[in-house]
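Structure first, then comments.
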Amino acid sequence: MSAIRNIVVAVDFSSHSERALDQAIELAAPLGATLHLVHSYMEVPAHLLERNIWIAEDVWDRIRDEDGQRLEVLRERAAARGVEVQVHQSPHPPREAIVERAAALDADLIVMGTRGHAGLKHMLLGSVAEQTLRAAPCPVMVVPAPRSDAG
C-alpha cells in the first residue's frame, strides 16, 4: 500500500462521525496526512424533499453557514493536534458527496462512522456506510459505534 496522504472523513455532526474523526486524527497525525472533512448539508433536509416540501434558498444559506461554523470547530480540533485539515460542504446526498470528493482528491482512505440499523428501510436502502463501501474509489475505514450505542 502506498503512503496515506489524503484522508476523507465523512462528517454529519453525530457522535458516530465525531468518533470517526478522532480515529482519523490519530491516523493522520503521525503520517502527516491531510484530513478532508466532507459534509452533506442535504442529509437532514432530504427527508423533507422526499415529501415534496419546498425549502427557501435563505434556509439553505443558513444551513450551509451554520454547518460551516460547526465544520470550523472540528477543523480547529484536528489542527490543534498538528493535522492539516480542509473542509468541504456538498449539496449532494451523503454517499455521492463522500465518493465524489474522494475521487476528486485521489484520496487514499475514507473514514466514516456507522451504527447498527435494522428493519425494512435499512434492508431496502442500505446505510450510507454500506453505499459508500460499494462505490468508493479507495479503501474505507468504518469506525463502529461504542457497544452501548450500537442498538
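Read-outs: derived from the displayed coordinates by stated rules, not from any lab. Just so it is clear, the model here is predicted, and its values are computed rather than measured. Using ideal geometry, Cβ is built from the backbone for each residue, glycine included, and neighbour counts are taken over all protein chains shown.
Summary table below
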{"item": "Point-to-point label distance, ASP106-ALA3, nm (Cα→Cβ direction, 7 Å offset)", "result": "1.3 nm"}
{"item": "FRET efficiency for GLU66 and GLU130, using Cβ-Cβ distance with R0 set to 35 Å, rounded to 0.05", "result": "0.80"}
{"item": "Full-extension gain in nm, GLU84 to MET141, via 0.36 nm per residue minus C-alpha separation", "result": "18.6 nm"}
